[in-house]
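Student: I am attaching a structure below and will ask some questions about it afterwards.
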């Protein structure tokens, strides 16, 4: 099928600085819904499991169902948004996310809730790459785009901070079901504003790779399921070994299929840029540590240290506030430091914080909270790697490229929740020593990758 460009009939440009600001705000608030949902659920895991029944593995699946669907369909969503237009795909994602949120609020059983969470992940898979593609389309490269990306990252950090506090307050006062209903007004307002103030992108007729998509689902589902099963049944249990083997075989199958098919999901030429390839790997490690650590900390505060959902949300505020502050100042910091140096500094801060949590965190609420503060400096790496990924991507593949980068992040997050959540109880009680040591090791590896990319850039 031809890759000729088509101008969609629905394209409506709304020129002017005011319209651009409103459009950017609408895009950011659509993305805000994703980040609020990611953190607001963590503080409600205990009450949800108590109400619907389940165990630690049930809590992992409540979060992992969302992140797995998010990760596994980001690639297809990115290609699809290139095909139908990023604004149209963004609006569909808002509708899907809103409907699934209502389904979560009404879920009568744990399997129903987990299924609705997976549908939320499908909506998020459309929203994430489309938000980046629309911002890239609206703002030229340079300080203007850097500022827009900083606003995008900053508003997401606001959601990360507001989510636990708002969620804890709502769970304590009304109940866990209402935390999903907060998405509905956000989705409605964002949809109205995007429809009115954001112009459509041009369409590219990119094909779909259905075998590749199926293998991605099986690979990530098998690996995550295997990690979760290990926590419940042990690493030598047949179901653990079977799921992990399935995940590995599917990943190998995906690699072979992508090399053999005429129209692969991930075109090999998109990885010809060393910069893009390195950033994609670092992106996966970044979310592995952040998502997995937030999951572990939320359970530790509530289940071991005995904090209420609201108090758990407040205990997460110092960590998330550092991340928010860095996100809002990242444009200026990155402008002075440069993207590669900023990424090295951020990842080094994350590794330091993880080591402190591994040694001093877990037994005292105050000590654990203090150790999360340096961990939050890892946020500096997020804006830097997003800018580098977009710079290294072909302009006609910007939707797919943002999908690949964010798929790596969400896949890392899903695997981090599954593996670190299992390691959290590896000693028979909830303890941070093992999972945070793993996070520190992964972040140190990411620092090495960033140093390699930086040296290659200078050469």
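Computed from the coordinates by the stated procedures, all read-outs in this text should not be read as laboratory data. This is a predicted model, so every value here is computed, not measured. Cβ: placed from backbone, ideal geometry, glycine included. Neighbour counts: every protein chain shown.
Student: How far, in degrees from 0 to 90, does helix 183-197 lean away from the longest principal axis of the Cα atoms of the chain, to the nearest 10?
Tutor: Approximately 10 degrees, to the nearest ten.
Student: Roughly speaking, what % of Cα-Cα pairs in segment 138-202 are separated by over 18 Å, rounded to a whole number?
Tutor: In whole percent, the share of Cα-Cα pairs in segment 138-202 beyond 18 Å is 57.
Student: Continuing with the same structure: Would you kindly give the portion of the calculated P(r) for segment 48-131 that falls above 22 Å, as a percent of all Cα pairs?
Tutor: Across segment 48-131, Cα pairs with separations above 22 Å total 28 percent.
Student: Sorted by packing (mean other beta-carbon atoms within 10 Å per residue), highest first, where do 177-187, 82-92 land?
Tutor: Highest mean packing first, the order is 82-92, 177-187.
Student: Over all directions, the average projected area of the alpha-carbon convex hull for segment 412-459 comes to how many nm²?
Tutor: Quarter of the Cα hull surface area: 3.5 nm².
Student: With N residues in segment 286-363, what two-decimal value do you get for its Cα radius of gyration over 2.2 N^0.38 Å?
Tutor: Compared with the compact-globule rule of thumb, segment 286-363 sits at 1.26.
Student: Per the Kirkwood definition applied to all pairs of different Cα atoms, how many angstroms is the hydrodynamic radius of segment 208-367?
Tutor: Taking the inverse mean of 1/r over all distinct Cα pairs, segment 208-367 comes out at 19.1 Å.
Student: Do you know the relative contact order of the chain, to the nearest whole percent, from alpha carbon pairs under 8 angstrom that are 6+ apart?
Tutor: Relative contact order, the chain: 24 percent.
Student: Which order, highest average first, do 238-250, 408-420, 440-452, 283-295 follow once you tally other Cβ atoms within 10 Å for each residue and take the mean per peptide? Could the numbers behind the result be given before it?
Tutor: On the way: 238-250: 16.5, 408-420: 27.2, 440-452: 19.8, 283-295: 25.6.
Ranking the peptides 238-250, 408-420, 440-452, 283-295 by packing returns 408-420, 283-295, 440-452, 238-250.
Student: Can you give me the Cα centroid spacing of segment 274-334 and segment 73-138 in angstrom?
Tutor: If you average the Cα positions of each part, the centres end up 22 Å apart.
Student: Remind me, relative contact order of segment 210-311 in percent, using alpha carbon pairs under 8 angstrom and six or more residues apart?
Tutor: Answer for segment 210-311 is 21 percent.
Student: Also, I was wondering about something else. Mind listing the Cα extents of the chain along all three principal axes, in Å, largest one first?
Tutor: 58, 45, 44
Student: Same structure again: Using only the alpha carbons of segment 104-237, what is the convex hull's orientation-averaged projected area in square nanometres?
Tutor: 12.4
Student: Of 80, 255, how do they rank once you tally other Cβ atoms within 10 Å and put the fewest first?
Tutor: Taking fewest neighbouring Cβ atoms as first place, the list is 255, 80.
Student: Could you give the angle, 0 to 90 degrees to the nearest 10, between helix 274-299's Cα long axis and the longest principal axis of the Cα atoms of the chain?
Tutor: With rounding to tens, the tilt is 30 degrees.
Student: Then there is this: Need one number: convex hull volume per residue for segment 288-420, Cα atoms only, in Å³.
Tutor: Taking only Cα atoms, segment 288-420 has a hull volume of 107 Å³ per residue.
Student: Please compute the Kirkwood hydrodynamic radius of segment 25-175 from all pairs of different C-alpha atoms, in Å with one decimal. Numbers along the way, then the final one.
Tutor: Values: mean 1/r = 0.0626 Å⁻¹.
This gives a value of 16.0 Å.
Student: Another one. Output the 0 to 90 degree angle, nearest 10, between the alpha-carbon long axis of helix 56-84 and the longest principal axis computed from the alpha carbons of the chain.
Tutor: Tilt relative to the chain: about 0 degrees.
Student: Hey, with R₀ at 45 Å, roughly what FRET efficiency would residue 274 and residue 51 work out to, going by the Cβ-Cβ distance, to 0.05? Don't skip to the answer; put the middle values down first.
Tutor: Details: r = 50 Å, r/R0 = 1.10.
Step by step, r from the Cβ atoms, then E = 0.35.
Student: Give the value in nm², to one decimal: projected area of the alpha carbon convex hull of segment 201-290, averaged over all directions.
Tutor: Projected over every direction and averaged, the Cα hull of segment 201-290 covers 8.0 nm².
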